[in-house]
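The values are calculated or read from the model by the stated rules, or taken from the named source; none is laboratory data. Treat the numbers as computed from the prediction; the structure is a model and nothing was measured. Here the Cβ is made from the backbone with ideal geometry for all residues, glycine too, and neighbour counts use every protein chain on show. Just so you know, the surface numbers come from the protein's heavy atoms only, side chains and all, with ligands and any DNA or RNA stripped out. Shrake-Rupley method; radii C 1.70, N 1.55, O 1.52, S 1.80 Å.
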Amino acid sequence: MQLSPAHHDERLTAPRAWWGITVLMGLACALMLVPLGTTAVLAGLVGGTALTGLLVSSYGSARVRVVNGSLAAGDARIPVSALGEPEILDAEQARAWRTYKADTRAFMLMRSYVPTAVRVEVTDPSDPTPYVYVSTREPEALATAIRAARTSSS
């Protein structure tokens, strides 16, 4: 199935190391319950691992999509007609826009484990949001999809 250039779909999943930490948290919960017996240790292992796994999974389940003329980043849905030209940010530029260059009014879908990002100005004069910052592992593909969606919606 060939997707149009105005379509992009990416899931920002948590890195593998975080899943290892999930297992370690389960072990830590189990060790805390050793004085209470075998059943408590098993319950701590399963419960601690499951709870930590849910947290890692929910944090790592952010999706970035360009579909039907909108940029969908996490819970936000922004029509591409309200966006300007996308700017591809390498790791150093992305870090700068996440820290000292950041504007508190901006919409930011950040994931610390994703080094690259795309920044797009919001051109809608009635929207106080100056720009959208989206972490992405495929910044060129996301920028291309935004450009193609803007062209096709014009």
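So, in region 8-56, of the ones that are assigned to a helix (DSSP H, G or I) and polar (S, T, N, Q), which residue ends up least open to solvent (accessible area, probe 1.4 Å)?
Among them, the one singled out is 22.
Restricting the search to region 115-146, which residues are in a helix (DSSP H, G or I) and either of a type in the set (Phe, Trp, Tyr) or open to solvent by less than 60 Å² (accessible area, probe 1.4 Å) (or both)? Walk me through how you get there before you give the answer.
Going through region 115-146, the residues in a helix (DSSP H, G or I) turn out to be 139-146.
Passing the criteria: 139, 141, 142, 143, 145, 146.
If you go through region 57-71, how many residues are surrounded by fewer than 18 Cβ atoms within 10 Å (Cβ to Cβ) and among the aliphatic types (A, V, I, L, M)? Can you show your working first?
Filtering region 57-71 down to residues surrounded by fewer than 18 Cβ atoms within 10 Å (Cβ to Cβ) leaves 57-61, 63, 65, 67-69.
Okay, now just the ones that are also among the aliphatic types (A, V, I, L, M), so 67.
Within region 57-71, residues that are surrounded by fewer than 18 Cβ atoms within 10 Å (Cβ to Cβ) and among the aliphatic types (A, V, I, L, M) number 1.
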- Query: Of all residues in region 83-114, which are open to solvent by less than 20 Å² (accessible area, probe 1.4 Å) and part of a strand (DSSP E or B)?
  - Reply: 83, 84, 86, 89, 109
- Pairs where the first residue, in region 62-73, is at positive phi and the second is open to solvent by 30 Å² or more (accessible area, probe 1.4 Å), C-beta under 7 Å, 6+ apart: 69/79; 69/153
- Query: For residue 77, which of the numbered conditions (1) part of a loop (DSSP other than H, G, I, E, B); (2) more than 30 Å from residue 17 (Cα to Cα) fails to hold?
  - Reply: (1)
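Kindly indicate whether residue 80 is touching a Phe, Trp or Tyr at 6+ places or on another chain (Cβ under 6 Å), more than 13 Å from residue 10 (Cα to Cα) and open to solvent by less than 20 Å² (accessible area, probe 1.4 Å). Spell out the reasoning first.
Values: touching a Phe, Trp or Tyr at 6+ places or on another chain (Cβ under 6 Å): no; more than 13 Å from residue 10 (Cα to Cα): yes; open to solvent by less than 20 Å² (accessible area, probe 1.4 Å): yes.
For residue 80, the condition - touching a Phe, Trp or Tyr at 6+ places or on another chain (Cβ under 6 Å), more than 13 Å from residue 10 (Cα to Cα) and open to solvent by less than 20 Å² (accessible area, probe 1.4 Å) - is not met.
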